[in-house]
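Working notes, beginning with the structure itself.
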Amino acid sequence: MNEFAGPQPVPRPPALATRRVGSPLAAAALAWIFPGLGHFYLRRPRTAILYAAIVTATFLLGLSFEGRLYSPEAGQPLTILATFAVYGAGLLNLAARLVSANPNGSILSVTYEYGCAYLLTAGLMNLLLMLDAYDIAVGRKP
Amino acid sequence: MKPAGSLIPVDHFLIMTIYALLISLFFALLWRNERRERVALFVKLFLALVVGALAVAWLMYPFPS
């Protein structure tokens, strides 16, 4: 091989799949409304059912453990983040606020802290599902 | 132990284990695409959460609040 032949062409990596399977914004919005709905819209029904079961179970267990559905409080800046996390659960959160007799939970309950952790986790999981649905819709994830 | 208003009898370890189970399932589904990889990640995450929590609890045992 001639060492003075100049730089050899570098093989290009295969292009990422860019085929769209649905509107990214619609997928993300549906994913927020109810866990798994975005994946169902993207024609992934099995994954959608599993996600719906996991996030809904987490949320309902949080309510059962008398956790708190956070709202912003004056002088408590961390409650803004907690509110953002809980509102990530979409309709589950809104429905629970309407139906629940005590959306602030029961701080005297021995399971109060666990309930809060479950509720916050359910909301954050659903926010991740929104991002996942968006990535799938734009072809960034197989 | 059974929290008021709850139908589920629970204890601290059970609540933690259910939490670890749900988290592990969720991230195994989210982060992996192949079935075998998902099972492997699920087992790793679940063991890390449960064993890690027990290890931290054991380390904290000599330091009561």
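The values are calculated or read from the model by the stated rules, or taken from the named source; none is laboratory data. The structure displayed is predicted, hence computed values, not measured ones. Neighbour counts run over all protein chains shown; Cβ positions are idealised from the backbone, glycine included.
Annotations
- Test: A:PHE65 is among the aromatic types (Phe, Trp, Tyr) and surrounded by fewer than 24 Cβ atoms within 10 Å (Cβ to Cβ): no
- In the stretch A:91-108, the qualifying residues are those that are in contact with a Ser or Thr (Cβ under 9 Å, 6 or more places away or on another chain) and surrounded by 15 or more Cβ atoms within 10 Å (Cβ to Cβ), and the one that is modelled with the lowest pLDDT is A:PRO103.
- The set of residues from the stretch A:83-137 being within 9 Å of chain B (Cβ to nearest Cβ), part of a helix (DSSP H, G or I) and among the hydroxyl-bearing types (Ser, Thr, Tyr) comprises A:TYR112, A:TYR114, A:TYR118, A:THR121.
- In the stretch A:29-76, residue nearest to B:LEU25 (Cα to Cα) [restricted to those that are within 14 Å of chain B (Cβ to nearest Cβ), in a helix (DSSP H, G or I) and among the aromatic types (Phe, Trp, Tyr)]: A:TYR51
- All positions within the stretch B:20-48 that are within 12 Å of another protein chain (Cβ to nearest Cβ) and in contact (Cβ under 8 Å) with a residue 24 or more places away in the chain: B:ALA20, B:LEU21, B:ILE23, B:SER24
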